[in-house]
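Okay, so here's the structure we're looking at.
The values are calculated or read from the model by the stated rules, or taken from the named source; none is laboratory data. Values in this document were obtained by computation on a predicted structure and should not be read as measured data. Quick reminder, even Gly has a Cβ in these numbers, built from the backbone with ideal geometry, and neighbours come from all protein chains shown. Heavy atoms of the whole protein, side chains included, go into the accessibility calculation; ligands, DNA and RNA do not. Shrake-Rupley method; radii C 1.70, N 1.55, O 1.52, S 1.80 Å.
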Amino acid sequence: MPEGKLAGRVALVTGASRGIGRAIALRCAGEGAAVAINYLSGPEPVQGKDNHADASALVEEIKRRGGRAIAAEADVSNGEQVSRMVARIDAELGTVDVLINNAGIETIVPFLEMDEQQYQRVLDVNLKGEWLCAQAVVRRLVAEGQPGAIVNIASIQSGMALPGRSHYAPSKRGVEALTRNLAVELAPYRIRVNCINPGLIATDMTDWVMKDEQILPIILDKIPLRRAGEPDEIAQVAIFLASGDASYVTGQCIYVDGGWIVT
Ligand code: NAP
């Protein structure tokens, strides 16, 4: 029998082929959960990144460490793909009772130049995607009378304004509101819903910031801990919120940002 804070649980981590999602998936497996590694794979590897290969490699790594995992391709903004993915995980691993809604995209486009499609895609992936995955997972949990935990990934930008993010910031503020609403609506089913607001975390999404010798020091100067965070520092908090350690915590949004939001 697996041991750990998530022993016997089945976790779905969206956008887990790399970055924060990958770190969370590894921690979930390390804590004894069977893990579905969701990813989005385009027809061609984008910027040299092959998400299908990355997700398969992560599955193999988890199996090598003695865990259970499958790769689960789906665009989280597409309801049919999400339903098919959750049904497949159910058949291969069991009922998902830990959902980490992590998949997200960020583009930086001045408000006056942004078109409707650019706005819509970010809202669809970042906000509707979390709603779709939550509904597909919760319907099964409720039908089976099982408890569960959902951890949504928002952003420090839920609470702060940066130029060029008139789509991204509202999508993440929406994730906070979704978290609170679902926490209230799902409490009677013993399903807890919480949210993490990461600050600057070193991943592909922020690679350009980490390499920008002018912008990076300006940002670090605003962060009391004076450094970017690592994906695993988000994963540790995600495990806390998903596990029995947080059995009386629901509807909360936790900033994991080195103190940036309070400056
Ligand atoms: P990342 O390195 O860019 O990884 C994002 C992951 O989500 C990728 O695997 C990506 O796959 C996947 N994804 C994107 N669209 C998807 C879709 N429609 N369906 C399924 N998967 C999809 O980003 P990250 O930095 O790890 O960010 C993870 C989450 O944290 C995001 O929600 C992000 O907004 C949030 N966040 C990050 C930071 C930070 O500083 N890094 C700060 C605050 C919040 P593709 O490559 O195929 O798109």
**OP:** Measure nothing fancy, just the Cα-based angle from helix 129-144's long axis to the longest principal axis of the chain, in degrees from 0 to 90, nearest 10.
**Re:** 20 degrees
**OP:** Restricting things to alpha carbons, find the Rg to Rh ratio for the range 10-258 using the Kirkwood radius for Rh.
**Re:** 0.95
**OP:** For R121, tell me the accessible area in Å² from a 1.4 Å probe, rounded to the nearest 10.
**Re:** 90 Å²
Original post:
Rounded to the nearest 500, what is the chain's calculated 222 nm mean residue ellipticity when only DSSP H runs of at least 4 contribute -39500 (n - 2.57) each, over all residues?
Top reply: -12500 deg cm²/dmol
Subject >> Unit charges at the beta carbon, dipole of the chain: most positive-side option, S41, Y119, L186 >> reply: L186
**OP:** Convert each backbone phi in the range 8-24 into a coupling constant with the Karplus relation 6.51 cos²θ - 1.76 cosθ + 1.60 (shift: θ = phi - 60°), then list the ³J(HN,Hα) values in order as whole Hz, x for Gly and Pro.
**Re:** x, 8, 10, 10, 10, 10, 7, x, 9, 6, 7, x, 5, x, 4, 4, 5
Original post:
If you count, for each residue, the other Cβ atoms within 10 Å and average over each peptide, how do 65-76, 157-168 line up from highest to lowest?
Top reply: 65-76, 157-168
Subject >> Whole-Hz ³J(HN,Hα) from phi, Karplus 6.51 cos²θ - 1.76 cosθ + 1.60, for the range 183-193, glycine and proline x >> reply: 4, 6, 6, 9, 4, x, 9, 6, 10, 8, 9
**OP:** Using packing as a proxy for protection, rank 249-256, 193-200 so that the peptide with the highest average count of other Cβ atoms within 10 Å comes first.
**Re:** 193-200, 249-256
**OP:** Can you tell me the 0 to 90 degree angle between the C-alpha axis of helix 231-242 and the longest principal axis of the chain, rounded to 10?
**Re:** 40 degrees
Original post:
Averaged per residue, what accessible area in Å² does the chain show with a 1.4 Å probe, protein chains only?
Top reply: 48 Å²
Original post:
Which percent of the accessible heavy-atom area of the chain goes to carbon and sulfur, probe 1.4 angstrom?
Top reply: 53 percent
**OP:** Give me the angle, in degrees from 0 to 90, between the Cα long axis of helix 51-64 and the longest principal axis of the Cα atoms of the chain, rounded to the nearest 10.
**Re:** 50 degrees
Original post:
Once phi is turned into ³J(HN,Hα) by the Karplus curve 6.51 cos²θ - 1.76 cosθ + 1.60 with θ = phi - 60°, what whole-Hz value does each residue of the range 119-127 show in order, with x for glycine and proline?
Top reply: 4, 5, 4, 5, 5, 5, 6, 6, 10
